[in-house]
Amino acid sequence: MAEAHQAVNFMPSLTSDRGEVELSGPMWQEIYLSGLRSWKRHLLRFWNDFLTGVFPATPLSWLFLFSAIQLAWFLQLDPSLGLMEKIKELLPDWGGQHHRLRGVLAAALFASCLWGALIFTLHVALRLLLSYHGWLLEPHEAMSSTTKTWLALVRIFSGRHPVLFSYQRSLPRQPVPSVQDTVRKVLLEPGMGWGVGGGRGRDSVFSALPHQYLESVRPVLSDEDFDWTTGLAQEFLKLQASLLQWYLWLKSWWASNYVSDWWEEFVYLRSRNSLMVNSNYYMMDFLYVTPTPLQAARAGNAVHALLLYRHRLNRQETPPNLLMGMRPLCSAQYEKIFNTTRVPGVQKDYIRHLQDSRHVAVFHRGRFFRVGTHSQNGLLSPRALEQQFQRILDDPSPACPHEEHLAALTAAPRGMWAQVRKSLKTQATQALEAVEGAAFFVSLDAEPAGLTREDPAASLDAYAHTLLVGRGHDRWFDKSFTLIVFSNGKLGLSVEHSWADCPISGHMWEFTLATECFQLGYSADGHCKGRPDPTLPQPQRLQWDLPEQVHLSISLALRGAETLSSNVDCHVFPFSHFGKSFIRRCHLSPDSFVQMALQLAHFRDRGQFCLTYESAMTRLFLEGRTETVRSCTREACDFVRAMEDQEKTDPQCLALFRVAVEKHQALLKAAMCGQGVDRHLFALYIVSRFLHVQSPFLAQVHSEQWPLSTSQIPVQQTHLFDVHNYPDYVSSGGGFGPADDHGYGVSYIFMGDDMITFHISSKKSSTKTVRQALPPPPPPPSSLGPRGPGPSPASLEPGV
């Protein structure tokens, strides 16, 4: 989501006012440390799995194997083929009366060794199976016999009841693509291609690999610029590529993932920009429904549901994510959802994660509170949590001087906030620790939000803007996420991006909305179910002893946050004429359909094509995060030009549209399989910086801007929502800020079968993204009655 902005600006994070920042240590040391960090994470996961009784397998499986060996021994059978006798000989001789004890110990040792060997074999076999990607290239409804056999073997080797982290030790590592395939073109033919803004120029014939850098930039470059970029690429392949690629290959064998740790560090943690707009993103509540108008009640149920989700994660009661119901995805990012804070540093931030936290930090009307979430009997009930939040709402005490705007520091440039935090660390240690050590941050806003019938378009836009930026001082942007509860009971989420990607927080948000609404529920008067607990202590008001030098910093941070906030324009557009159900009936990918529509819309807006960023996940691999799909392809350009050409017939446009969709699908699948362009080029650039190798080609690649940044928000737990009987109870997705000052940020979510909700953002300061008059959103599906014909692309129907 917001990663496109960070990806564009990671190069400035490697520079300072005094010039380029030298990366510390030689390349060998960096590879060694990267592997060391990977092994530490593996050991920590091993220990956590051992404590929860799920690693290497359940203790019951070991007990079953040991009992079987003992039974065989009792029947005078030796399944060890003499190994247990040799083990007995190696054990100390405690006398004749302990002869049977030696036999039991030998059987236990043999059972443990056999148990470990079997599990290791299963993991290796499963890793080999999960390295197969042929299933991704086949239609889901028409799997080949090979894929069916593969799927059956995966289910057999996965065990009966896999848990969240069951597959972590079996996931393959993300491959390092061939540098020649990433960069190289095979042949350049004159007189066939496309120039900027629709002009004809020179074309290229590329190798079969669908995802190559030169091909991706051809639609947006003039002939001269393309020739210049081609020359840089050829020089790079000849002089530097082999050396840089060798170091990447070495790292891929030693570390868990050759790019993800560098992506987190250089794209996120080394960025010195404000987190607000640049790094955070938001998630919305139900679009048409608010289960209760009571702010404290909604907060009580939501906080309780979130902590239930954390408990399920800790106990690994959450089933693993399966792509298309078949292929397990990496679950590493789930570990840092809760109890996590991004701590600012002068040159680089770091992520602080606690194993547990039994309180949340709450902000209301400029005051900070610490609210305990557990008692001696365990997690507080929703009604007890509602009681605590109501106490905060009823507290008449005013905010202390400068306390009200203190959180604006987390929206300041990171270097400035790091310096100020040092003073807070010494002067307000307990208050700062209560906030940073909380499970998450809760903001009880004093204003209502959400869709209103009086002005639906403006109210939705204001809702999105408030979730993204707030007032600049009422969100603690360092926390992994902030739960926002408005005065009318509407919810929202503001998420910091460095610790994980959108599907992770989206999975948590789906569970939260479904649980607090359908499972926990509310009483007839709108309160949480249950009874209050009058014995609970009052929420603790946090006291900030703010030194004088901090006051000016808070004022400067607030001024900067308000300036940035006022410059962001947000629009939410629920499109209800058709949705993914209709698109699939046309035998098209819904995501590719929307991407082509965005290309057409952008061309009609600007009159030219631009680099387009679409985020795709690489969680098919261990510790994978994302890859970029460059959606502006030559095929997409051909379709767009045909749509703008009055001489083109509908069948011709439709044929070009299907070709463009197929090309986009090929790019998306290649990116998911680790064969994308951008992460590979990013990692090559980082290696070049460590080795102090100057590469004009890599510098050119990473100076590119993304005027159109896009992302689909996936719906991962459809079983939690009944969209047919309760169509109003569907998540409305979320959005993020634009990656370019003169561009758009576009996210979209397929709500049920018949609606697509778009979240669009831009900068008001840009003269190229001035908002035009847009239609208001439609009324709730339940109040629409039979749908009218509407503008529906009927020519896409099968057989037309």
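The values are calculated or read from the model by the stated rules, or taken from the named source; none is laboratory data. This is a predicted model, so every value here is computed, not measured. Quick reminder, even Gly has a Cβ in these numbers, built from the backbone with ideal geometry, and neighbours come from all protein chains shown. The accessibility values were calculated without ligands, DNA or RNA, using every heavy atom of the protein model including side chains. Shrake-Rupley method; radii C 1.70, N 1.55, O 1.52, S 1.80 Å.
Here Asp78 qualifies as assigned to a loop (DSSP other than H, G, I, E, B), open to solvent by less than 90 Å² (accessible area, probe 1.4 Å) and either among the β-branched types (Val, Ile, Thr) or modelled with pLDDT of 65 or more (or both).
Tell me yes or no: at least one residue of the range 528-538 is open to solvent by 10 Å² or more (accessible area, probe 1.4 Å) and among the small types (Gly, Ala, Ser). Looking through the range 528-538, at least one residue is open to solvent by 10 Å² or more (accessible area, probe 1.4 Å) and among the small types (Gly, Ala, Ser).
Say we look at the range 25-59 and pick out the residues that are out of contact with any helix residue (DSSP H, G or I) (no Cβ under 6 Å at 6 or more places or on another chain), at pLDDT 75 or above and among the hydroxyl-bearing types (Ser, Thr, Tyr); which of these is surrounded by the most Cβ atoms within 10 Å (Cβ to Cβ)? The selected residue is Ser38.
Examine the range 468-479 for a residue that is within 19 Å of Ala438 (Cβ to Cβ), assigned by the TED database to the domain that holds Gln430, outside any helix (DSSP H, G or I) and basic (Lys, Arg), and state whether such a residue exists. Yes: the range 468-479 contains one or more residues that are within 19 Å of Ala438 (Cβ to Cβ), assigned by the TED database to the domain that holds Gln430, outside any helix (DSSP H, G or I) and basic (Lys, Arg).
Scan the range 483-495 and tell me whether some residue there is small (Gly, Ala, Ser), modelled with pLDDT under 95 and open to solvent by less than 10 Å² (accessible area, probe 1.4 Å). Within the range 483-495, not a single residue is small (Gly, Ala, Ser), modelled with pLDDT under 95 and open to solvent by less than 10 Å² (accessible area, probe 1.4 Å).
For the range 489-497, the count of residues that are in contact (Cβ under 8 Å) with a residue 24 or more places away in the chain and over 25 Å from the mean Cα position of the chain (by Cα) is nonzero.
Taken together, the residues in the range 605-620 that are open to solvent by 40 Å² or more (accessible area, probe 1.4 Å) and of a type in the set (Asp, Glu) amount to 1. When each of Phe697, Phe682, Phe758 is tested for being part of a strand (DSSP E or B) and either open to solvent by 10 Å² or more (accessible area, probe 1.4 Å) or modelled with pLDDT of 90 or more (or both), the lone residue that passes is Phe758.
Per the conditions (1) out of contact with any Asp or Glu (no Cβ under 9 Å at 6 or more places or on another chain); (2) in contact (Cβ under 8 Å) with a residue 12 or more places away in the chain; (3) farther than 30 Å from Tyr334 by Cβ, the sole criterion not satisfied by Ala597 is (2). Counting only strands (runs of 3 or more DSSP E) that sit wholly inside the range 557-650, those with at least 2 residues that are more than 21 Å from the chain's Cα centre (by Cα) are 568-575. Taking first residues from the range 241-268 that are in a loop (DSSP other than H, G, I, E, B) and partners that are among the acidic types (Asp, Glu), the Cβ contacts under 9 Å between residues at least 6 apart in sequence or on separate chains come to Ala255/Asp261; Ala255/Glu623; Ser256/Glu623; Asn257/Glu623. Close contacts from the range 272-297, counting a first residue that is at positive phi and a second that is surrounded by fewer than 24 Cβ atoms within 10 Å (Cβ to Cβ), with Cβ to Cβ under 9 Å and a gap of 6+ residues or different chains, come to Val277/Leu564; Val277/Ser565; Val277/Asn567; Val277/Val568.
Do we find that Val277 is over 29 Å from Ser357 (Cα atoms), assigned to a loop (DSSP other than H, G, I, E, B) and in contact with a Phe, Trp or Tyr (Cβ under 9 Å, 6 or more places away or on another chain) in this structure? So Val277 does not fit the description; no.
For the range 663-682, which residues satisfy the criterion of being out of contact with any Ser or Thr (no Cβ under 8 Å at 6 or more places or on another chain) and more than 18 Å from Val701 (Cα to Cα)? Residues satisfying the conditions are Ala666, Lys669, Ala670, Cys673. Residues of the range 543-565 include none that is in contact with a Pro (Cβ under 8 Å, 6 or more places away or on another chain) and open to solvent by less than 10 Å² (accessible area, probe 1.4 Å). Considering each residue of the range 388-401 in turn, at least one proves to be surrounded by fewer than 19 Cβ atoms within 10 Å (Cβ to Cβ), farther than 22 Å from Gly470 by Cβ and without any contact (Cβ under 8 Å) to a residue 40 or more places away in the chain.
In this structure, is Ala514 in the same structural domain as His304 (by the TED database), out of contact with any Ser or Thr (no Cβ under 8 Å at 6 or more places or on another chain) and open to solvent by less than 20 Å² (accessible area, probe 1.4 Å)? The answer is yes for Ala514.
Taking the listed residues Val183, Val196, Val205, the one that is open to solvent by 10 Å² or more (accessible area, probe 1.4 Å) and either at pLDDT 90 or above or in contact with a helix residue (DSSP H, G or I) (Cβ under 7 Å, 6 or more places away or on another chain) (or both) is Val196, with no other qualifying.
Quick one: count up the residues across the range 324-353 that are open to solvent by less than 20 Å² (accessible area, probe 1.4 Å), part of a loop (DSSP other than H, G, I, E, B) and farther than 30 Å from Met143 by Cβ. So the answer is 6.
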